[in-house]
1. Of everything in segment 338-365, what is surrounded by fewer than 21 Cβ atoms within 10 Å (Cβ to Cβ) and assigned to a loop (DSSP other than H, G, I, E, B)? Give them in sequence order.
2. For a quick check of your reading of the model, give me the residue pairs whose first member lies in segment 189-209 and is not assigned by TED's automatic domain parsing to the domain that holds residue 529, whose second is among the aliphatic types (A, V, I, L, M) and at pLDDT below 70, with beta-carbon atoms closer than 8 Å and at least 6 apart or on different chains.
3. State whether one or more residues within segment 179-186 are closer than 23 Å to residue 362 by Cβ, outside any loop (DSSP other than H, G, I, E, B) and out of contact with any Phe, Trp or Tyr (no Cβ under 9 Å at 6 or more places or on another chain).
4. Any idea how many residues of segment 89-142 are in contact with a helix residue (DSSP H, G or I) (Cβ under 7 Å, 6 or more places away or on another chain), of a type in the set (Val, Ile, Thr) and not in a strand (DSSP E or B)?
5. Taking the conditions exactly as written (buried (at least 17 other Cβ atoms within 10 Å of the Cβ) and touching a residue at least 12 places away in the same chain (Cβ under 8 Å)), does residue 521 satisfy them or not?
6. Between 129, 124, which is acidic (Asp, Glu) and either within 25 Å of residue 353 (Cβ to Cβ) or crowded, with 20+ Cβ neighbours inside 10 Å (or both)?
7. If I go through segment 203-232 residue by residue, how many of them are crowded, with 24+ Cβ neighbours inside 10 Å and out of contact with any strand residue (DSSP E or B) (no Cβ under 6 Å at 6 or more places or on another chain)?
Amino acid sequence: MASTFRVGVPLAAATLALLVAGAPAAAAPKRITGKLSEPGYTVIALAANGKATSVRVKRRRFRLRPPARSVTLQLRARNGRYAGPVVVGREQKGKRVIVGVGAGVRLGRVRVRRGHATVAKRLDRGAIDGRRRARARKGVPIGNGRNLGRVRSRGRGGRRLGLDLDVDGVPNVLDIDDDGDRIIDNVDRSGSARASQSGGEAFTTHFTLGQPADLNFTVNANAGSSDEQITQALPSFARIDLTILPGDSPELDCGAPQSRADPRLGGLVYCTRGGTGEGAAPPPPGSAFGGRTAFPGDPGGRFDPDGDGFGSLTNNAGDAVPNQALFPGATADQIGAGDLLIQRVVRGGVEVQFLTALPYVFGTNPALASFDDGRGNSTSVDYPVAGSDPGPPDPGTRENGFPVKAGPGGDVVLTLTFWRPQRRPIPPETAPWIDIGGLDYSPGIADMGIRCPQSSLSETDPNLTAPPPGTLQGGGFTDLAADRPASATNTLTYTLNLTRCLASHGFSFEPGETRGFKFSAFSHDDAGSSGEAEQQVFFKRQ
C-alpha cells in the first residue's frame, strides 16, 4: 500500500514568500530562462489557478514570463503530447522531488528525459518553491509523461487545477487520474476526483465516436475488427467539442504552426496547419449551413484569420455553453490520451492560456454481440456487417432490420448483450486494446436525441447498476467493471422493452414496422472532459 504524506512548508517556501511579499504589487513576474537538451518542445509555466504561459523552444534556449510568482514547469513534446514535469530538486534520496519554481529563475541546462526533465545544476533554495513536491522513485516523479499520472498514490495535495491532488508530479489539469486510485477521472465517481476537476476555470473536451454509427459501420476489437478496419473507421466518425472560455480572439494551440510537407515539424496532426482536422465552419452570407473546412488552414482563412497557425474557436452552433466542433479525421494512433491542447484568449489586452489533455479517446464503438426476443428470434451478430452498398444489406441495418416478435402482452422485449468499446493502452498497459470500464450505458431512439425511460429497462448483470435518479438524461445503467485487456468474454447484458421505449415518446411499433435504436456508452462527468461512443441497430417487427 502506498504511504500517505502531507506536504510541508520548508525553508524554501518561506524564502519565496518573503521575496513575493517584497515585490511591487504591479510588477509583472520576471522571466524564467533555461536551455533544453533537445529542441522542439513547448515549455509551459502553470500557476495554481490553472492559468498558463508557454513558449515553443526552437533552438533549445528559452525565455518565459510565468503567469504567477510561483509555478510548475511542464513540457509538451514535438508530437503535441504531454511530456511531463520539470524537476528542480530532490529530497530523501530521490523519494521526493521538487517541481515548484519562482519567477526570474535561471534554470541553466535542462535535461529532457523519458516522461520528465531535470535541471543539470543545483538551484539556490530561494529560487525554488519547496511546497510543490511530488513522490518519486530514484528522482523520477511517479506521475509523468509516460503514464499521464495514472498511478497509485495517496498524497494530499491541492485541489485547484494547477496543483497536484495526489502529489504524483502531474498537475490536476493534465493528470488523467487526479486522486491516485488508477481510475481515469472522467469515469471516476469519487468526490475527490470531481473536486479537483472543478477547482478553477476549466478548458474541457467532449469526444464522440459514432455519428452515424449504424451496425454496418461498427468496429470493435472483441467483434473481430482488425487494426486496419478500426483505423479506417475512426477518422470518419470522430468529433471533439471544445469549450470556448470567456475572452476575445480565442484560439487553439496544438503545437507548432506548420506545413505537413516538412517532416521535422510536429504538433497534433488533427488541429495544426496541413493536418487532417476540419472545423464546423460559420455559414457564408446568404446560407444557413456552413459545412466543414480545414482546421486551421482552410484557404479562406476562416479558422486562422491572423495567419499565426492557431485555429480560431467560434461558437457556430450558438450553444449556451460556447463550444467549437472539431472533426479530427485522425487514426487511433494519431489521437489519444495525453494530447495536450492550449486555449489562448485575450482579456484586457493580455493573452491568457489554459490547458487540457485528452484523458483517452474511444477507438471503437459498443457492439451488439447477441439478442433474444424470447419468441424464437435469437441472434449472434457476425461482424463485419454489410450495408446496402454494394448490397444486399445484412440483418440489423436500416434497410433490413433484425426480425423480432412481440410477447404475450403485445410488447417486443429484447435481452441484449454487448461488447464494451475500447481505447488504446496507457503505459504500463501492454494489450493492443483495452475494454473501457466504468461507463454509463443508455439506449435511445435512432437518429434522435431522446433516450428510453428507466421503466423500459431491467438487468440481472452483476456488473451493472442503475445510477442515482437524475444522473442520466434518460434510463440506463452504470458499469461497475474496471478497465481490462480486450476479450470477447467481457460482455454486459440488459433487457429493453422496445415497445415501451417508443410509446413513451409517442411512437408505435406495429407488425411490419422497422424501428432503430441507439445504444450509447459514455463517461458521465459534468466537471471535466468526457466522451461518448454509440451504435445504431434496426429491428423489424414480424
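1. 348, 349, listed by residue number.
2. Going by the 8 Å Cβ cut-off, the qualifying pairs are 194/527; 197/527; 198/527; 202/527.
3. Checked segment 179-186: at least one residue is closer than 23 Å to residue 362 by Cβ, outside any loop (DSSP other than H, G, I, E, B) and out of contact with any Phe, Trp or Tyr (no Cβ under 9 Å at 6 or more places or on another chain).
4. 1
5. Working: buried (at least 17 other Cβ atoms within 10 Å of the Cβ): yes; touching a residue at least 12 places away in the same chain (Cβ under 8 Å): yes.
It is true that residue 521 is buried (at least 17 other Cβ atoms within 10 Å of the Cβ) and touching a residue at least 12 places away in the same chain (Cβ under 8 Å).
6. Working: 124 fails: either within 25 Å of residue 353 (Cβ to Cβ) or crowded, with 20+ Cβ neighbours inside 10 Å (or both).
Just a single option satisfies the conditions, and that option is 129.
7. Adding up the residues that qualify gives 1.
Yes/no per residue for (1) in a loop (DSSP other than H, G, I, E, B); (2) out of contact with any Phe, Trp or Tyr (no Cβ under 9 Å at 6 or more places or on another chain); (3) not assigned by TED's automatic domain parsing to the domain that holds residue 460:
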residue	(1), (2), (3)
379	no, no, no
383	yes, yes, no
388	yes, yes, no
394	yes, yes, no
406	yes, no, no
411	yes, no, no
418	no, no, no
427	yes, yes, no
437	yes, yes, no
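The values are calculated or read from the model by the stated rules, or taken from the named source; none is laboratory data. Just so we're clear, the structure is a prediction, and the values are computed from it rather than from any experiment. With ideal geometry, Cβ positions are generated from the backbone for all residues, glycine too; neighbour counts draw on all protein chains shown.
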